[in-house]
């Protein structure tokens, strides 16, 4: 099972997502920002500061209590299939 082990948010509503199999994906959240529950992370500072790994995937811990039931998260299968492969990790920038 693929799980997320690290995330690095960027200033353009994209996130570098590191998987346990060594893959790195660049996942674009910009199409979801401002819609439904994702309105809560439409401020770039909130997006960056609350971005984390919970439930073995990319998540936003809006309450800051690390509660896996009270976070926003993205299905890791969606990230893996829809994210852009990062071939050169030395070029990763926040």
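The values are calculated or read from the model by the stated rules, or taken from the named source; none is laboratory data. Because the structure is a prediction, the values reported are computed rather than measured. So basically every Cβ, Gly included, is an ideal-geometry build from the backbone, and we count neighbours across all protein chains shown.
For the reader, a short list of remarks on this structure follows.
- Residue match in region 70-82 (condition: modelled with pLDDT of 95 or more, surrounded by fewer than 11 Cβ atoms within 10 Å (Cβ to Cβ) and farther than 16 Å from residue 12 by Cα): yes
- If you go through region 33-66 and pick out every residue that is part of a loop (DSSP other than H, G, I, E, B), out of contact with any helix residue (DSSP H, G or I) (no Cβ under 7 Å at 6 or more places or on another chain) and without any contact (Cβ under 8 Å) to a residue 12 or more places away in the chain, you end up with 6.
- Condition check for residue 17: in contact with a helix residue (DSSP H, G or I) (Cβ under 8 Å, 6 or more places away or on another chain) and assigned to a helix (DSSP H, G or I): no
- Pairs, first without any contact (Cβ under 8 Å) to a residue 40 or more places away in the chain and at positive phi in region 10-26, second assigned to a loop (DSSP other than H, G, I, E, B) and surrounded by fewer than 18 Cβ atoms within 10 Å (Cβ to Cβ), C-beta under 8 Å, six or more apart: 13/30; 13/33
- Residues that are under 19 Å from residue 1 (Cα atoms) and either part of a strand (DSSP E or B) or in contact (Cβ under 8 Å) with a residue 60 or more places away in the chain (or both) within region 67-94 comprise 73, 76, 77, 79, 80, 83, 85, listed in sequence order.
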